Amino acid sequence: AGAAEEAEQPSTPGSGDNALGGPAVDQPTPGGELEQVEGRQAQEIARLNQVIRELKDKAKREIKELDDKATNLEVEMRYNLGRVFTLRTENTELRTENTELKGQLTRLEEFNSQNAAADGPTMSSADRW
């Protein structure tokens, strides 16, 4: 009867069984494995947060550099567009002047040929000497 009474009595904490009557489970003790894992996780989280901060800082610097380059390129582009406009204007003026000069040359050649015809045969430069 003694063995039956012992089987029916609930286990008391510390008797080798857990509070629910099952076999005892190893519980982590302060400074034990669970705390070590949590410590490593906290360190890894801190390290990852630092990496994130560094990447954000690097991205901000690169964005600023690219923004500065874009601004410089925009200024340069505006300058070049102004220069293109100026060069086109100069080109048009030179073409107009060239056309005028060609017209003058044509008129001079016509005038020269009319004068040569009116003067009669001309001596070659070799005949003159």
Taking the Cα atoms of the range 50-105 alone, what are Rg (to one decimal) and Dmax (as a whole number) in Å? 23.8, 80
Around Ile52: net Lys/Arg minus Asp/Glu count, Cβ-Cβ under 14 Å: +2
Heavy atoms only, probe 1.4 angstrom, no DNA, RNA or ligands counted: give me Phe85, Phe111 ranked by accessible area, highest first. Phe85, Phe111
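The values are calculated or read from the model by the stated rules, or taken from the named source; none is laboratory data. Keep in mind that what you see is a predicted model, and the values were worked out from it rather than measured. Heads up, the Cβs are rebuilt from the backbone with ideal geometry, glycines too, and the neighbour counts pull from every protein chain shown. We work out accessible area using only protein heavy atoms, side chains counted, and drop any ligands, DNA or RNA first. Shrake-Rupley method; radii C 1.70, N 1.55, O 1.52, S 1.80 Å.
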